[in-house]
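Structure record follows, encoded as structure tokens.
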Amino acid sequence: MGGLLAFSRGVDRMTTLIGRWVSWLILVAILVSAGNAIIRKVWSISSNAWLELQWYLYGAAFLLAAAYTLLENEHIRIDILYGGRTRRTQHWIDLIGHLLFLMPFVILMIWLMVPWLERSIASGERSMNAGGLILWPAKALLLAGFVLLFLQGVSEIIKKIAVMRGLTEDTQAPVSPHKVVQIDDSALAEAGFASPDHPITDAMIDHPLDHNRNQTDRDRTNGDTR
């Protein structure tokens, strides 16, 4: 199991590096889009190549970051039963989901895409739009995204089994990596909001701060009188 965990750590490092790097492609796509719009409006010059380049960049960002999203456990969940189960049951759900759904789908996509990409490269396939780009790099990005997702899926399966066997710690939050918001009672009191133990009264409805100020003034006046 030690060798498998070492493989998993290597895949995780590679996935993290690629995921963080490709996130900058969104900025590049925005700059290309803005530049293309400015040139088209100011000089009336444009090209389908610039538009398709935006598609390539956005596609690369989403496809190559899919494995990183899986690593960070940030894929959208439609939680019906998962959140209310014990952590061990959640691990079983994740493991079965990876084995029965994720991995077969990814393997099928890779198997279909390899000859599809080979034909595109051999024919020099290009966009049907005038001045468009060649298409095989976009198809290569699709294949690369699924290969990375396959490797990360294997890594997640290894980690799930290791956690369930007590060989490594569980580094993911039970349901979501987002922390529960903690309410500071003292901050609420300073802001003039009532706490559950001290419900709001009719006298405080107009303006809680004014009520608090008036109460403090009365206390001071009573103190001076005494």
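The values are calculated or read from the model by the stated rules, or taken from the named source; none is laboratory data. Here the structure is a predicted model, which means the values were calculated and not measured. Reconstructed Cβ throughout: ideal geometry from the backbone, glycine too, with neighbour counts over all protein chains shown.
See the values below:
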item: Condition broken by Ile45, with the remaining ones in (1) assigned to a loop (DSSP other than H, G, I, E, B); (2) within 23 Å of Glu169 (Cα to Cα); (3) of a type outside the set (Ser, Thr, Tyr); (4) touching a helix residue (DSSP H, G or I) at 6+ places or on another chain (Cβ under 7 Å) satisfied; result: (2)
item: Residue among Ala130, Ala122, Ala138 that alone is assigned to a loop (DSSP other than H, G, I, E, B), in the same structural domain as Ile45 (by TED's automatic domain parsing) and either out of contact with any Leu (no Cβ under 8 Å at 6 or more places or on another chain) or on the phi < 0 side of the Ramachandran plot (or both); result: Ala130
item: Selection within region 69-94 - assigned to a helix (DSSP H, G or I) and either polar (S, T, N, Q) or outside the structural domain of Leu142 (by TED's automatic domain parsing) (or both); result: Thr69, Thr89, Gln90
item: Failed item in (1) of a type in the set (Phe, Trp, Tyr); (2) at pLDDT 85 or above; (3) under 24 Å from Ile157 (Cα atoms), with Tyr56 passing the rest; result: (3)
item: Near pairs, Cβ below 8 angstrom, 6+ apart or cross-chain, from region 20-42 (in the same structural domain as Leu148 (by TED's automatic domain parsing)) to any residue that is loosely packed, with under 12 Cβ neighbours inside 10 Å; result: Ile39/Ile45
item: Any chance Leu81 is at pLDDT 90 or above and either closer than 25 Å to Gly166 by Cα or touching a Phe, Trp or Tyr at 6+ places or on another chain (Cβ under 8 Å) (or both); result: no
item: Selected residue (only one of Gly59, Gly97 is small (Gly, Ala, Ser), without any contact (Cβ under 8 Å) to a residue 24 or more places away in the chain and either surrounded by 14 or more Cβ atoms within 10 Å (Cβ to Cβ) or in a helix (DSSP H, G or I) (or both)); result: Gly97
item: Criterion violated by Ile38 - all others in (1) surrounded by 14 or more Cβ atoms within 10 Å (Cβ to Cβ); (2) assigned to a helix (DSSP H, G or I) satisfied; result: (1)
